[in-house]
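Here is the structure we will look at.
The values are calculated or read from the model by the stated rules, or taken from the named source; none is laboratory data. Just so it is clear, the structure is predicted and the values come from calculations on it, not from any experiment. Reconstructed Cβ throughout: ideal geometry from the backbone, glycine too, with neighbour counts over all protein chains shown.
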Amino acid sequence: MPDPNAKLAALVGSRLCHDLISPVGAIQNGLELLSLSGGASGDMAPEMSLIQDSCASAAARIRFFRIAFGTADSDQMLGAKDIAANLSGIAKGERLRAEWLAPGDHARSDVQMGFLGYLCCETALPQGGRVAIDRSAKGWLIRAEGPKLAVDPDLWGVLAGHGRTDQITPDRVQFALLSVLAETRGVRLLVNSDETELTITIC
């Protein structure tokens, strides 16, 4: 039975992202018009460039969060190109590189769990690294690699079903949501790690 709290949280996430993407897009369009009209010339160019980069980053994060934290029906499909663009957009300019390796179209609900897994892996790579999401015969595989992993056993225990979700902070909410979605959708989460590599298998 679907968790009503998870459903409500997803609806809230979708609403927030939907309402935020429009004004951010409008700011981007306004900046582009200013640039075309010469408003970005001279000493203003660096400032305009900074604002444009910040808006682009905000828009990319909102699009990503809309998939990760919003509503996701299994009959909604997303193409590999759009999925990869959303994933790479959130990591643009960061020390962390994100890659979507699974070709073809995929259910939005599967992509949502992959994106949440990415956010979980992000917390384990304080020095940066690479996170790749792929599909195999066993299920979805999210692999994180980096020079040094920082894996909090209590936090990652949430994915294994023995952690305490009441101790999770807002910046770690992806762990609780991924665990709830896995239980609701009848899939398992398997986590393995060593000094330089961590994997989440969704099967």
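Of note:
- Hey, G117 of a type outside the set (V, I, T) and over 20 Å from I62 (Cβ atoms) or not: no
- Scanning the range 145-203 for residues that are over 16 Å from C121 (Cα atoms) and touching a Lys or Arg at 6+ places or on another chain (Cβ under 8 Å) yields A182, C203.
- Qualifying residues in the range 139-159 (those that are closer than 23 Å to I67 by Cα and either out of contact with any Phe, Trp or Tyr (no Cβ under 8 Å at 6 or more places or on another chain) or among the polar types (S, T, N, Q) (or both)) - the one surrounded by the most Cβ atoms within 10 Å (Cβ to Cβ): A144
- Cβ-Cβ under 6 Å pairs, at least 6 apart or on other chains, the range 166-179 side assigned by TED's automatic domain parsing to the domain that holds S109 and at pLDDT 90 or above, far side surrounded by fewer than 18 Cβ atoms within 10 Å (Cβ to Cβ) and assigned to a helix (DSSP H, G or I): A176/T165
- Residue in the range 80-105 that is surrounded by the fewest Cβ atoms within 10 Å (Cβ to Cβ), counting only those that are within 17 Å of W140 (Cβ to Cβ) and of a type outside the set (A, V, I, L, M): G104
- Qualifying positions in the range 113-131 - within 11 Å of Q174 (Cβ to Cβ) and surrounded by 24 or more Cβ atoms within 10 Å (Cβ to Cβ): M113, F115, L116, G117, Y118, C120, C121
- Tabulated pairs, the range 186-203, first more than 15 Å from G146 (Cα to Cα) and in contact (Cβ under 8 Å) with a residue 24 or more places away in the chain, second assigned to a loop (DSSP other than H, G, I, E, B) and among the hydrophobic types (A, V, I, L, M, F, W, C), C-beta under 6 angstrom, 6+ apart or interchain: I202/V187
- Residues of the range 132-141 classified as within 13 Å of L87 (Cα to Cα) and touching a residue at least 40 places away in the same chain (Cβ under 8 Å), total: 1
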